[in-house]
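Engineer: The following block contains the structure, expressed as structure tokens.
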Amino acid sequence: MHPDPRPLVLSLSGITKRFGPLTANDHIDLDVRAGEIVALLGENGAGKTTLMSILFGHYVADEGVVHIAGPDGQLSALPGGSAEAALAAGIGMVHQHFALAENLTGFENIVLGTQSLWTLGLRRGAARAKLERLITESGLATDLDVPVARLSVGEQQRIEILKALYRDVRVLILDEPTAVLTPQEADGLAATVRTLAAKGLAVIFISHKLHEVLALCERVVVLRGGAKVADQPTLGASRASLAELMVGRPIPARERPPANPGAPVLVLRGVSVGAPDQRDRLQGADLEVRAGEIVGIAGVSGNGQGALAQLVAGLASPRAGEALIAGLRASRADPAGRIAAGIGRIPEDRHRDGTIGALTVAENYVLETIAAPENQRAGLIRRDDIRRRAARAIADYDVRCPGPDAAVRALSGGNMQKVVLARVLERAPRLVLAHQPTRGLDIGATTDVHRRLIAARDRGAAVLLISEDLDELFALSDRIAVVHAGHLSAAMDTAGLDIRTVGLMMAGHAAEEAA
Amino acid sequence: MLWSALDILTQANFWAATIRIATPLIFGVLGALLCERAGVLNLGIEGIFVAGAMSGWLAVYLGLPLWGGVLVAAGTGALFGLLHGILTVPLGLSQHVTGIGVTLLATSVAYFGYRVAFPNVATPPRIEAFPPLDLPVLGDLPFIGPILAQQTAFTVLAFACVGILALILARTPLGLALRAVGDNPEAVEAQGLSVVGLRIGAVMAGSALMALGGAFLTLSAFNAFYFGMINGRGWVCIALTVFASWRPGKALLGALLFGALDAYQLRLQTITGGAVPSQIFLMLPYVFSIAALVLVARRADYPRALMKPYFKGQR
């Protein structure tokens, strides 16, 4: 094999980081060359974030050194624990949660910290000229003069990348950059990344979307349990082989037997929710979800799926139109009534709306049915009964926790979600509202959630799945509707539906022109 | 009587009083908004007013020139700001509790210092306060002239601070960093700036401004230090900060509005001549504050990171 002629820009050797008994990074070596696009893969907790935090100076490594090439190409050791040093050495990072001040404009965010704090005026001219050049070179066109709060997620991401480029980075780290983008925006990002790499920028691409990794990256590094388990060219790798490397065991292929839909459980006719000038609202929506089918709602977050979820969960009432939910006419907000009618809610934010962190697993397990006779007698909670049933659910749903008396706060995201799933599905609900059910979960936990949702469908439940992850929607849904700016499209059969069409509809194109 | 109530507005005396009452509030609101723009609520304001009033006055009493007293007051405020900053920024303690603690501490220290310095005085000792402005051309203008002639250089400093702070926030790299650190400290950290440094610096500078508000009372409005002389002015500034949407220009407007109401009710009391209990009039400016908050605060655009402690490496 020929040695790679491109110069090394970054070299990590023997990086080790321990948090108490946990070894988050175990002697990790990683070389990155100029112009190379390297994928960094791994499950939650595999050590990706820790490694990148060390690189970016948020943590100090217990062992090992980071070498970075200077402008002359000479490698030198990077002092640890200083974001300033990392920036000065040419490392830029675009976090999954953007590090933008939303009250400043894009331009202000970009120049923030690049000029001495003690100069009297902001020097705009030179900064402008440099940005114009960067924008032409990279194609990252965006409005730099409005407050960031008014920009879309895709535009904010462009600001983030420009921010790094403005600092003349030689290594750019992108942490889950496509998680929040529509497929078209993701394509645009991929094109930008290729352009930048062609100019010699080294890119580390962190993602769990394996098809993107295969399409964009030339090399893939896989972490598992804090150690590097693979460092190979993407050529010759497949989604299955990468997933297996990440999880450490073969992933069974997802199976989705054809649906066998029955009577409608959720019927919306011309339903509007929320004021017309509100961002997350629904206007004149028509939808039918039948027993035994999964209907997916695609859309960029904030386009009305939140309003839809609130309506179904009984947290909002329709302003106009007619909503029949599990046989009830839903004219007013009534969450308890919805639960009693057999609606199971898997909320979008499991920390805020799904669980109460200070309560135990057992208490969270019965949270929605605490008034039922099996949970209380004469106004007193039947603790032993509840604890026993919770223990059974913990075993059935494979919740990794010390026991039914553990505080939910101490659980990992995946295990917290399993508690929510157990609570919802053990009641055998007629309608399951799954709002971003796998957000932030790793492959193992995601597979589990998907399996259980399909099982609920096959048991005869109607499932309304709201997700921003198109792969997930296509894998699970029997039909898919798209929501954009409050308007809900007709539900289309997933078989024969093109993912690009859905992407265009998410960006606001009508079904006919998208197809 | 209605006529005489309106007639108040034409008196130069009324407008001069408005500005005099507003001046300490201008300092206070500027200080509070500077702290809050950086993400730190500073409820130490009431006590810092007291400490500034006392230390500035004492310095002049002990022989420093008037501007020396102003500097001493600012330094005292900055010290209490440093205390509040260290407790709330790197240590991340509750900003409410710490702020009230600072108020109690600063007030007590000031009163204690005063008692130690003057154990047995019946009437508070006096100093030679800032003299009224003697302006060459402006002073001769009709109507405006008499109003200006009642102000001091200290008031000019307050108005200058409004412009300077507005300019810093809007147009300098430091201003960008201050606004950013109150909105998303991670953005500041990721650009290689120090969140802790910026926040403590802002709280110290803001507290120095608050202390100037107190010093104005003892060095310019009056010429002595009394117990209880701050009388809630600091708390009014906290409310006016929300009213001002954290903007220096609007802070000036809010302080002047409050000052005008206060000056007006004083004159209204003399007109009605006891037919209406004076407490009703005393209440007016505060009723205005509450009403303004009810109208403004619900739509207020608080700095997003206000009262949220930031710890490096945690996200």
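Engineer: Restricting to Cα pairs below 8 Å that are 6+ residues apart, what does the relative contact order work out to for chain A? Please round to a whole percent.
Structural biologist: Value for chain A: 14 percent.
Engineer: Can you say what percent of the DSSP beta bridges in the range A:264-514, counting only those with both residues inside, are antiparallel? Round to 5.
Structural biologist: So the antiparallel bridges in the range A:264-514 amount to around 55 percent.
Engineer: On to the next question. Indicate the residues belonging to the range B:162-176 that lose 10 Å² or more of solvent-accessible heavy-atom surface (probe 1.4 Å) upon moving from the chain alone to the assembly of all protein chains, ignoring ligands and nucleic acids.
Structural biologist: So the qualifying set is B:Ala170, B:Arg171, B:Thr172, B:Pro173, B:Leu174, B:Leu176.
Engineer: Right, next: If you keep only loop residues by DSSP, which GluC sites (Glu not before Pro) in the range A:176-258 have at most 15 other Cβ atoms within 10 Å of their Cβ?
Structural biologist: Those satisfying the criteria are A:Glu218, A:Glu255.
Engineer: Kindly report the accessible area of the range B:207-315 per residue (heavy atoms of protein chains, probe 1.4 Å, no ligands, DNA or RNA), in Å².
Structural biologist: For the range B:207-315, the solvent-accessible area averages 48 Å² per residue.
Engineer: I'd like the distance between the alpha-carbon centres of the range A:10-85 and the range A:189-216, rounded to an integer number of Å.
Structural biologist: Between the Cα centres of the range A:10-85 and the range A:189-216 lies a distance of 19 Å.
Engineer: Taking the alpha carbon gyration tensor of the range A:264-514, what are the square roots of 5 times its eigenvalues, largest first, to the nearest whole Å?
Structural biologist: 31, 20, 15
Engineer: Can I ask one more? Roughly speaking, to the nearest percent, how much of the protein assembly as shown's 1.4 Å accessible area is carbon and sulfur?
Structural biologist: So the carbon and sulfur contribution to the accessible surface is 60 percent.
Engineer: Give the Rg/Rh ratio for the range A:1-143, taking Rg as the radius of gyration of the Cα atoms and Rh as the Kirkwood radius, to two decimals.
Structural biologist: Radius of gyration relative to Kirkwood radius: 1.01.
Engineer: Here's a follow-up. Measure out, as a whole number of angstrom, how far apart the alpha-carbon centroids of the range A:439-515 and the range A:231-290 sit.
Structural biologist: Cα centres, the range A:439-515 to the range A:231-290: 4 Å.
Engineer: So which trypsin sites (Lys or Arg not before Pro) in the range A:429-515 end up in coil per DSSP with only 13 or fewer other C-beta atoms within 10 Å?
Structural biologist: Passing both the DSSP loop test and the Cβ count: A:Arg459.
Engineer: For peptide A:82-91, what's the mean number of Cβ atoms from other chains within 10 Å of each residue's Cβ?
Structural biologist: So the per-residue partner count for this stretch is 2.
Engineer: Measure of size requested: the Rg and Dmax of the range B:102-252, with Cα atoms as the atom set and Å as the unit; please supply both.
Structural biologist: 19.4, 58
Engineer: Keeping all protein chains in place, calculate the accessible area per residue for the range B:1-137 (probe 1.4 angstrom), answer in Å².
Structural biologist: Solvent-accessible surface per residue comes out at 43 Å².
Engineer: Find how many whole Å separate the alpha carbon centroid of the range B:89-139 from the alpha carbon centroid of the range B:223-281.
Structural biologist: The range B:223-281 and the range B:89-139 have Cα centres separated by 18 Å.
Engineer: Okay, helix-only estimate at 222 nm for chain A: each DSSP H run of n ≥ 4 adds -39500 (n - 2.57), divide by all residues, round to 500 deg cm²/dmol; what do you get?
Structural biologist: -9000 deg cm²/dmol
Engineer: Order these peptides, B:28-41, B:83-96, by their mean beta-carbon neighbour count within 10 angstrom, highest first.
Structural biologist: B:28-41, B:83-96
Engineer: Okay, moving on. Along the Cα→Cβ direction, 7 angstrom out, place labels at B:Asn120 and A:Val146. What is the inter-label distance in nm?
Structural biologist: It is 7.4 nm.
Engineer: Rounded to the nearest 10 Å², what accessible area does B:Met229 have for a 1.4 Å probe in the complete protein model?
Structural biologist: 20 Å²
Engineer: A further question follows. Taking amide H positions as placed in the peptide plane 1.01 Å from N, state which residues far from A:Arg219 in sequence (5 or more) or on other chains have amide H under 5 Å from it.
Structural biologist: Those qualifying (amide H under 5 Å, at least 5 residues apart or on another chain) are A:Ile37, A:Ala39, A:Thr234.
Engineer: Suppose R0 equals 35 Å. What FRET efficiency, 1/(1 + (r/R0)^6) with r the Cβ-Cβ distance, do B:Ala160 and A:Ser301 give to the nearest 0.05?
Structural biologist: Working from the Cβ atoms, E equals 0.15.
Engineer: Once the Cβ-Cβ distance between A:Ser241 and A:Arg451 is put in as r, and R0 is 22 Å, what FRET efficiency do you end up with, to the nearest 0.05?
Structural biologist: After rounding to 0.05, the efficiency reads 0.55.
Engineer: Next question, about the same structure. Computed FRET efficiency, Cβ-Cβ of A:Leu497 and A:Val229, R0 30 Å: what is it to the nearest 0.05?
Structural biologist: Taking R0 as 30 Å, the efficiency between A:Leu497 and A:Val229 is 0.25.
Engineer: Continuing with this model, one more query. How far apart, in nm, are the 7 Å Cα→Cβ label points at B:Thr272 and A:His351?
Structural biologist: 5.3 nm
Engineer: Let me check I've understood the local charge: for B:Arg179, count other residues with C-beta under 14 angstrom from its C-beta, Lys and Arg +1, Asp and Glu -1. What total comes out?
Structural biologist: Value of the local net charge: 0.
Engineer: Counting only residues 5 or more places away or on other chains, whose amide H sits under 5 Å from the amide H of A:Ala298 once H atoms are built in the peptide plane?
Structural biologist: A:Ala481, A:Val482, A:Val483
Engineer: Would you kindly derive the ³J(HN,Hα) couplings of the range B:124-129 from the backbone phi angles with the Karplus curve 6.51 cos²θ - 1.76 cosθ + 1.60 (θ = phi - 60°), listing them in order in whole Hz, with x for Gly and Pro?
Structural biologist: x, x, 10, 10, 8, 7
Engineer: Give me the 1.4 Å probe accessible area per residue for chain A, excluding ligands and nucleic acids, in Å².
Structural biologist: On a per-residue basis, 42 Å².
Engineer: Could you report the buried accessible area between B and A, both sides summed, computed with a 1.4 Å probe and given in Å² to the nearest 100?
Structural biologist: Accessible area lost upon association: around 2300 Å².
Engineer: If one takes the longest principal axis of the Cα atoms in chain A, at what angle in degrees, from 0 to 90 and to the nearest 10, does the Cα axis of helix A:383-396 lie?
Structural biologist: Between the helix axis and the principal axis of chain A, the angle is about 60 degrees.
Engineer: Lys and Arg at +1, Asp and Glu at -1: add these up for the other residues within a Cβ distance under 15 Å of A:Gly236 and post the number.
Structural biologist: -1
Engineer: What average count of beta carbons from other chains do you get within 10 Å of the Cβ of residues in A:107-113?
Structural biologist: Mean shielding count: 6.
Engineer: Looking at the range A:167-268, which trypsin sites (Lys or Arg not before Pro) are in a loop (DSSP not H, G, I, E or B) and have at most 15 other Cβ atoms within 10 Å?
Structural biologist: Loop-located and lightly packed - A:Lys199, A:Arg254.
Engineer: Something else about it: What does the convex hull of the Cα atoms come to per residue for the protein assembly as shown, in Å³?
Structural biologist: Spread over its residues, the Cα hull of the protein assembly as shown gives 239 Å³ apiece.
Engineer: So, in nm, how far is label A:Ile370 from label A:Ala198 when the simple model puts each one 7 Å beyond its Cα toward the Cβ?
Structural biologist: Each label point is offset 7 Å from its Cα along the Cβ direction, giving 6.0 nm.
Engineer: 5 Å is the cut-off here: which amide hydrogens, built 1.01 Å from N in the peptide plane, fall below it relative to A:Val265, excluding neighbours closer than 5 in sequence?
Structural biologist: A:Val289, A:Arg290, A:Ala291
Engineer: Now for a different question. Under 1.5 on a/c is rounded, so check that first for the range B:12-56, then, if it is not, pick prolate when a/b is larger than b/c and oblate when it is not; a ≥ b ≥ c are the square roots of the alpha carbon gyration tensor eigenvalues.
Structural biologist: Since a/c reaches 1.5 but b/c is at least a/b, the shape of the range B:12-56 is classed as oblate.
Engineer: Let me ask something else. Please compute the length gained on full extension between A:Glu426 and A:Asp168, using 0.36 nm multiplied by the number of residues separating them and subtracting their Cα-Cα distance.
Structural biologist: 87.4 nm
The values are calculated or read from the model by the stated rules, or taken from the named source; none is laboratory data. Everything quoted here is computed from the prediction, not taken from an experiment. Ideal geometry is used to build each Cβ from the backbone, glycine not excepted, and the neighbour counts take in all protein chains shown. Each accessible area value is taken on the protein alone, full model and side chains, heavy atoms only, with ligands, DNA and RNA left out. Shrake-Rupley method; radii C 1.70, N 1.55, O 1.52, S 1.80 Å.
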